[in-house]
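Below is one structure, written out as structure tokens; the observations come after it.
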Amino acid sequence: MSQEAPVFGRLGVAIVTPFTEDLEKVDHEALAGLARHLVDEGHDLIVANGTTGESPTTSDEEKLAILATVREAVGADVTLLAGAGTNDTRHSVALARAIEEGGNADGLLLATPYYSKPTQRGLIAHTLEIVNAVDLPAMLYDIPGRSGIPIEYESAVELSQHPNIVALKEAKGDMHEASKLIRDTGLDIYSGEDALNLPWLAIGAVGTVSVTSHLTGRLDRLMFDALEQRDLARAQRLHASRIDFVDAIMNQGPGTMAIKEALTHLGVLPHAGCRAPLGTVEPEVAARIHAAVDAYQSVLAQHTS
């Protein structure tokens, strides 16, 4: 794990978006409470309006209101990034400008354009058009399993030369390529794969942007501390203690649905509903998630008592 202070913080979470029971509106009271919970869990970075925050089914107006609520809830000391990556360059530029004008976000998260699968030259042009339109630092998001295209090494190197592009959330799983980017660029690399947080940190990633850390933040922070103290054995034990919970959340369908179910089971959220087409988890999946949450609470108590 890098010892230099990263631009955006170390312990990041891709925050979910709570809705009212009928799913027609954002539940801003629940959102504010969740944001405060995440700070209490030790996060210094919150990413709003990503896919985990159901960005495909929230309007731009809702996205801007979400940023305002989270900022008011957490204050100025927590870094707040705003998702602005879409598969429509003009829309992404307009959204990025609106985010900047709103004044609540410290930077942008730019997922690669999904479904349309542009060439690498098209991807680079798309990204540069967004970052040239605003004066906000940006974290790129490489997740070809969802977007359909990777950010290839040469493209990442070229994009890293832009002063506004300072970080990369890596969910491709190619640690060899990421090691070269850590060596060859000034990009801060973040783990975007919850199951691989420790390996990513071990090769030089500066932090994580996680889904499961809605609940595992304190344990993740302890793992960070162990690495900074060069206590690899303790970091490995902490990593191992969260495996079952990560499996329960990330390997039974969309993580957004599962983590909302977990947060509802703990009483952090009033209900677990997601907007269509996601919906809620099946009853048998919910039961497994509840069991994993209860087991994790026991694990957490062992490490923090």
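Each value in this text was obtained by applying a stated rule to the coordinates, not by laboratory testing. Just so it is clear, the structure is predicted and the values come from calculations on it, not from any experiment. In this analysis, Cβ positions are derived from the backbone assuming ideal geometry, glycine residues included, and neighbour counts consider all displayed protein chains.
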Task: Residue count, segment 202-243 (criterion: of a type outside the set (Ser, Thr, Tyr) and under 27 Å from PRO277 (Cα atoms)) - done: 4
Task: Residues that are over 22 Å from THR208 (Cα atoms) and touching a His at 6+ places or on another chain (Cβ under 9 Å), drawn from segment 128-160 - done: LEU128, VAL131, ASN132
- [ ] Output yes when any residue across segment 233-251 is farther than 22 Å from LEU31 by Cβ, assigned to a helix (DSSP H, G or I), of a type in the set (A, V, I, L, M) and touching a Leu at 6+ places or on another chain (Cβ under 6 Å), and no when none is.
- [x] yes
Task: HIS271 in contact with a His (Cβ under 7 Å, 6 or more places away or on another chain) and over 14 Å from HIS214 (Cα atoms) - done: no
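Here's the yes/no breakdown for (1) of a type in the set (A, V, I, L, M); (2) crowded, with 17+ Cβ neighbours inside 10 Å; (3) more than 19 Å from the chain's Cα centre (by Cα); (4) closer than 25 Å to ASP188 by Cβ:
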| site | (1), (2), (3), (4) |
| --- | --- |
| ALA5 | yes, no, no, yes |
| VAL16 | yes, yes, no, yes |
| ASP40 | no, no, no, yes |
| VAL47 | yes, yes, no, yes |
| SER59 | no, no, yes, no |
| THR79 | no, yes, no, yes |
Task: PHE224 being surrounded by fewer than 22 Cβ atoms within 10 Å (Cβ to Cβ), within 22 Å of GLN302 (Cβ to Cβ) and touching a residue at least 12 places away in the same chain (Cβ under 8 Å) - done: yes
- [ ] Could you run through segment 106-127 and say how many residues are free of Cβ contacts under 8 Å to residues at least 60 places away in the same chain and either in contact with an Asp or Glu (Cβ under 9 Å, 6 or more places away or on another chain) or of a type in the set (Ser, Thr, Tyr) (or both)?
- [x] 11
TODO: Select from segment 39-97 the residues that are among the β-branched types (Val, Ile, Thr) and without any contact (Cβ under 8 Å) to a residue 40 or more places away in the chain and list them in ascending order.
DONE: VAL39, ILE46, VAL74, THR86
- [ ] Enumerate the helices (runs of 4 or more DSSP H) found wholly within segment 126-212, keeping only those where 2 or more residues are of a type outside the set (Phe, Trp, Tyr) and crowded, with 21+ Cβ neighbours inside 10 Å.
- [x] 153-160, 175-184, 197-203
Task: Of all residues making up segment 146-167, the number that are of a type in the set (Val, Ile, Thr) and within 18 Å of the chain's Cα centre (by Cα) - done: 3
